[in-house]
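Q: Quick one: this structure, given as structure tokens, is what I'll be asking you about.
The values are calculated or read from the model by the stated rules, or taken from the named source; none is laboratory data. This is a predicted model, so every value here is computed, not measured. For neighbour counting, all protein chains shown are included, and Cβ atoms are generated from backbone atoms with ideal geometry for every residue, glycine included.
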Amino acid sequence: MGVESGSVGQSAAHEDGPSAQGAVSTVGSDGRPQRTSRRFPLFTRDTARPEGGGRAASGDAPAPARQWPVLAVLSLVGLGLLLTAFDLFRIGTMVIGVALMAGAVMRWTLPSVGMLAVRSRFTDMVTYGVLGVAILLLAMMVQPEPWLKIPFLDDALHFTIS
């Protein structure tokens with residue numbers, strides 16, 4: 001009888017699946033046990049908000065005012081895309097690059113930037129800054145009649161095409 005009940009218990013555990021059998025229990029804030037996922041038990045415990053990820057304006061302000069940094073960057077990017085659509089490619093892409101660099105400056109100087117904060121302050125600044133500078137430099141190197149000429153890039157282009 002003991003063997004049969006043990007085998008029945010094991011088959012019932014397998015019917016529930018591995019998540020039910022291997023779920024980790026923890027105590028919630030109310031003192032009751034809670035079931036948690038074992039998806040990444042060793043590495044991920046909780047997700048923290050990025051530094052500066054709070055509201056950029058007070059909570060009683062309307063939603064657009066609370067997120068003004070990301071709206072400013074997105075508005076400039078939209079303006080750049082609009083200029084690009086109207087055959088001002090170089091100017092439009094330069095506006096996009098400047099918008100990303102402005103996002104990097106805002107991320108560096110402002111204590112709270114709302115949804116402009118994606119990762120840590122350093123990572124956001126480097127990402128926005130590097131992408132902004134790269135887009136700006138590429139926009140100034142657009143053919144014909146580039147505003148900026150970098151000789152080793154011309155040599156690299158001729159080497160890859162030849």
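Q: Restricting segment 107-162 to residues that are at pLDDT below 80 and charged (D, E, K, R), which is farthest from the chain's Cα centre (by Cα)?
A: This residue is D155.
Q: If you scan segment 77-90, which residues turn out to be without any contact (Cβ under 8 Å) to a residue 40 or more places away in the chain and either under 21 Å from L148 (Cβ atoms) or under 16 Å from the mean Cα position of the chain (by Cα) (or both)?
A: Hits for segment 77-90 are G80, L83, T84, D87, L88.
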